[in-house]
1. Name the helices (runs of 4 or more DSSP H) wholly within the stretch 384-460 that hold at least 1 residues that are at pLDDT 55 or above?
2. Are there any pairs, at least 6 apart or on different chains, whose C-beta atoms fall under 9 Å, with the first in the stretch 273-295 and closer than 22 Å to residue 371 by Cβ and the second at pLDDT below 95, and if so, which?
3. Assess whether residue 142 counts as being touching an Asp or Glu at 6+ places or on another chain (Cβ under 8 Å) and under 21 Å from residue 302 (Cα atoms).
4. Check the stretch 374-381 and report whether any residue there is assigned to a helix (DSSP H, G or I), out of contact with any Cys (no Cβ under 7 Å at 6 or more places or on another chain) and either closer than 23 Å to residue 355 by Cα or among the charged types (D, E, K, R) (or both).
5. Take the residues of the stretch 355-366 that are in a helix (DSSP H, G or I) and in contact with a Gly (Cβ under 9 Å, 6 or more places away or on another chain): which is nearest to residue 280 (Cα to Cα)?
6. Can you tell me which condition residue 297 does not meet? The list is (1) closer than 20 Å to residue 147 by Cα; (2) buried (at least 17 other Cβ atoms within 10 Å of the Cβ); (3) of a type in the set (Asp, Glu), and all the others hold.
7. Can you name the strands (runs of 3 or more DSSP E) wholly within the stretch 1-98 that have at least 1 residues being at pLDDT 95 or above, in contact with a Lys or Arg (Cβ under 9 Å, 6 or more places away or on another chain) and not aliphatic (A, V, I, L, M)?
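The values are calculated or read from the model by the stated rules, or taken from the named source; none is laboratory data. For clarity, every value in this text was computed on a predicted model and none was experimentally measured. Positions of Cβ are backbone-derived with ideal geometry, glycine not excepted, and every protein chain shown enters the neighbour counts.
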Amino acid sequence: MLLKNVLIILVIVYTIDAVKKSYDGYKLYQIVPKDEREVDILNDVYYSNLGEFWVEYFKAKDDVKVMVSPKNLEKFQEVLRVGNVEAKEIIGDVQKVINDQLKPATSRASDTYLSYSWSAYHDLDAIYKWLDELETNHTEVKTVVMGKSLENRDIKGIIINYHPEINKPIGMIEGTLHAREWISAATVTWFIKEFLTSTDPQIRALAENFEWHVFPVVNPDGYVYTFTDNRMWRKNRSPASAKTCAEGVDDDMSHGVDLNRNFDFEWATVGASNDSCTNTYAGPSPASEPETKAIAEYALSLKNKGNFMYYLSYHSYTQLIIVPYSHVQSDGALLSGNYGDMFEIAVRGSDAMRRRNGTEYRVGLSVHVLYPMSGSSFDWVKYYTNVPISYLIELRDLGEYGFLLPPEQIIPTALENMDGLIEMDRTARSLRYYAHTSGASRVLVSAVVVAFGIVMSLLG
């Protein structure tokens, strides 16, 4: 009888713990602090856990998004009113926007390929099923598993190689390192579809002149969790640092590591937290997570293979192309060895993106266009593999929907980013990065271009 009661209690506890988090009545506010006084007030809001900040680091004039629960709403509004801080409500009910995001947009035949469509967001099983279908239907495609996640899920991608007998440059594309950034997986899968089916000569050249290694979801546990338990989850699901969090913070937040702070490059030096109850927790040690290790080992294998040209890490939101390294100020731009070239390539890509839909993607060091950070994947890959061109690309939007971008914007986002990728490659080719030589000999550094890039970043 005692055993039966214990089992019943365990089932009840598990059921309660497994209830999907609801954001009914949660509101999203936009706040642009005018000065340091208002920044201090926002920091008080942050450390009092009166709202969930969609950006963890901010300064005066930054666009700050804060999600507030019904429970904290009155206190939140009072603090801002007393401090005379202006706030604009941009989402009145976060759960409604989450529900709307799960509704497919109007679809056309051209929006689908095999079992997959870009009129909706898809869970991990649907993405992996589609990757397997691609291998069945295309001789130039091979599925590959770079490693296992903490919860023992495959980190699956594909290799697209049209002419394996030719030694071609290699590109690696990584998506959804942060679980809640669904537009990342949608955009990366669009690239795959275009590489395999487009008749556009520029896309065909990009597809066939490279050996592409593409991983739509490199944080599978976190991504699954956004569908099953908490749509706004960012980290992986590591329980290693689980603890009781401060009042106002769900203890579940202590599960998981921010994988884009966990790489062993300037680990935890800036823009990262040592508190597991935060979204930017860097982990208990550098490269502590199996997902981090899998990405690093795979990138090193591409370096060893030779001709490793591109590493592209897709995130959302804020519409940025970030150039390595993310921990440095302006005077450290030269540490990457070819900042000037990477800046020029990115600016040309940004121009192409804007021509498609008028969408602006700013370019520069992270400290100029976002905030300083450390332990990121694209910085690590740049430093340890000497890949010539490495970017972190933040997709749409500027915060109207943020992580909850409607499915109607999937294809416009993907199209403008494909335009950007084509133009970046064209510019890289014009700068002679296509030479079949070592990465070091392809690096072309121009002091004038470097200086121009730094100035433009500061102005941006």
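1. Passing ranges, in order: 410-430.
2. Cβ pairs passing all conditions: 273/56; 278/56; 279/56; 280/56; 280/57.
3. yes
4. As a first pass, look at the stretch 374-381 and keep what is assigned to a helix (DSSP H, G or I): 377-381.
This time we only want the ones that are out of contact with any Cys (no Cβ under 7 Å at 6 or more places or on another chain), so: 377-381.
If we keep only those that are either closer than 23 Å to residue 355 by Cα or among the charged types (D, E, K, R) (or both) as well, we get 379.
Yes - at least one qualifying residue is present in the stretch 374-381.
5. 366
6. (2)
7. 27-31, 88-91
Yes/no matrix, rows are residues, columns are (1) in a loop (DSSP other than H, G, I, E, B); (2) closer than 30 Å to residue 240 by Cβ:
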residue	(1), (2)
100	no, no
103	yes, no
107	yes, no
119	yes, no
126	no, yes
133	no, no
146	no, yes
